[in-house]
Amino acid sequence: MSNKPKVLITGGAGFLGSHLCDRFLKEGYEVVAMDNLITGNLANISHLFGVDGFTYVKHDVTNYTFVEGRLDYILHFASPASPIDYLKLPIQTLKVGAMGTHKILGLAKEKGARVLIASTSEVYGDPLIHPQTEDYWGNVNPIGYRGVYDEAKRFMEAMTMAYNRYHGVETRIIRIFNTYGPRMRLDDGRALPAFAGQALRGEDITVFGDGSQTRSFCYVDDLVEGIYRLLLSDYDQPVNIGNPAEISILEFAEEVVRLTDSGSKIIFKDLPQDDPKVRKPDITVAKEVLGWEPKVDRKEGLAKTIEYFKSQVHGVPQV
Ligand code: UDP
């Protein structure tokens, strides 16, 4: 039997989950990736099939979930995570955040595993304080289109703290702000894949509203480093991980047009319901508790990501 620490990664074939599989294998862990593939894609982990210590299980974590043998850590990343995905899959989004999290916490309790759950800046909703600190409770519309995601993640945090307090399960909660990088789906509807896909195909770039709403984009490698540090820390309160470099969506669209050398023009479309007007993490806690801050600036991160999108648009096999 192997002495390597063993980690279960739910949503392991997704954008973030697949990068976590890579990182934990590199750190010498045994990795079990679990995914039902409703938004994940086996192409994201196909390079890991046959790698020593890696296993993939096709499973929907809203059902009873079990892993053979010992389990040291769980990273719960299964969920539709882009506004388009959770608008298309509202019930599945609620189920995986609520019932899926319940199953995962039950498994953690059974195995004595430490569990890190992927929460989101969406718990702050359309925030009334800026930048967002972890002690802000948020401004969420429970019955709007985003409510299925936001409330599922808020329930997820409540359930996680209940297992922590009542059952003594070791839990970690990360609140993930907008993240980007290779393996984002071109059709997931998020701002960057939408803009990059449109720019590379020479189509109009669709900015929603007047583009004055802001976001703060973190490169995936920085996020993964934050997750790794949080998992191994002894801090059980929520931690924001994101890049505080804030930009308006219109400026972001212009940046993508420039970096792709595209002739596309920007057009404006209606702003979706409850679209947050601002978003930027306060990362004081991450700095103090984890010694973490982002290292990759947007120009460098976008260059790598746009290379990936080019391979997708032009049909070149991905790395
Ligand atoms: N957005 C846009 N055009 C698009 C897709 C998104 O202007 O084709 C805007 C969206 O309305 C939001 C911002 O870009 O204000 C970021 O959207 P995303 O879907 O990436 O994530 P969010 O931060 O809203 O969850």
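The values are calculated or read from the model by the stated rules, or taken from the named source; none is laboratory data. Quick caveat, the model's predicted, so the values are computed rather than measured. Cβ coordinates were reconstructed from backbone atoms using ideal geometry, including for glycine residues, and neighbour counts include every protein chain displayed. For accessibility, only protein heavy atoms count, side chains too; no ligands or nucleic acids. Shrake-Rupley method; radii C 1.70, N 1.55, O 1.52, S 1.80 Å.
With K and R counted +1 and D and E -1, the other residues having a Cβ less than 12 Å from that of Tyr308 yield a net charge of +3. For region 161-239, the mean projected area of the C-alpha convex hull, equal to one quarter of the hull surface, is 7.3 nm². Potential lengthening of the chain between Ile247 and Phe66 amounts to 60.9 nm, from the contour at 0.36 nm per residue minus the alpha-carbon distance. Give the residue from Phe66, Gly28, Thr101 lying farthest towards the positive end of the charge dipole for region 16-159; charges sit on Cβ (+1 for Lys and Arg, -1 for Asp and Glu) and the dipole is referred to the Cα centre. Among Phe66, Gly28, Thr101, the one farthest towards the positive end of the dipole of region 16-159 is Phe66. Within region 62-124, the proportion of Cα pairs with more than 15 Å between them is 53 percent. Projected onto its three principal axes, the C-alpha set of the chain covers 57, 44, 38 Å, listed from the longest axis down.
Within a straight-line Cα-Cα reach of under 12 Å, Lys109 can be paired with the following aspartates and glutamates, leaving aside sequence neighbours fewer than 8 residues apart in one chain: Asp72, Glu170. Largest first and in whole Å, the equivalent-ellipsoid semi-axes of region 273-319 read 30, 19, 9, each the square root of five times a Cα gyration tensor eigenvalue.
The calculated FRET efficiency for the pair Asp210 and Thr284, based on their C-beta separation and a Förster distance of 30 Å, comes to about 0.45. Looking at the chain only, what percent of DSSP beta bridges run antiparallel? Nearest 5 please. About 10 percent, rounded to the nearest 5.
Inverting the pair-averaged 1/r between distinct Cα atoms of region 31-159 gives 15.8 Å as its Kirkwood hydrodynamic radius.
When the listed pairs Lys6/Lys95; Lys58/Lys111; Lys6/Lys287; Lys6/Lys310; Lys265/Lys310 are checked against a 24 Å cut-off, the alpha-carbon distance exceeds it for Lys6/Lys95; Lys6/Lys287; Lys6/Lys310. Need one word for region 144-299: rounded, prolate or oblate. Basis is the Cα gyration tensor (sqrt eigenvalues a ≥ b ≥ c); a/c below 1.5 gives rounded, then a/b vs b/c decides. Prolate shape, in that a/c is at least 1.5 and a/b is the bigger ratio.
Using a Gaussian network model of the chain in which every pair of alpha carbons under 10 angstrom is joined by a spring, one finds that among Tyr308, Tyr136, Tyr29 the greatest mean-square fluctuation is at Tyr136. Taking only the alpha carbons of region 30-102, we obtain Rg and Dmax values of 13.2, 38 Å in that order.
The protection proxy used here, the mean number of other Cβ atoms lying within 10 Å of each residue, ranks peptides 188-201, 293-306, 140-153 as follows, highest first: 188-201, 140-153, 293-306. The residues of the chain have, on average, 44 Å² of accessible surface per residue, using a 1.4 Å probe with all protein chains present. Within straight cross-link reach of Lys269, meaning Cα distance under 21 Å, which lysines are found once same-chain residues fewer than 8 apart are removed? Correct list for Lys269: Lys88, Lys277. I want the local charge near Asp35. Using Cβ-Cβ distances under 12 Å, sum +1 for each Lys or Arg and -1 for each Asp or Glu among the other residues. So the environment of Asp35 carries a net charge of 0.
In terms of accessible area, using a 1.4 Å probe and ignoring ligands and nucleic acids, Phe208, Phe15 rank largest first as Phe208, Phe15. Taking the helices alone, the chain has a mean residue ellipticity at 222 nm of -10500 deg cm²/dmol, built from -39,500 (n - 2.57) per DSSP H run of at least 4 residues and averaged over all its residues.
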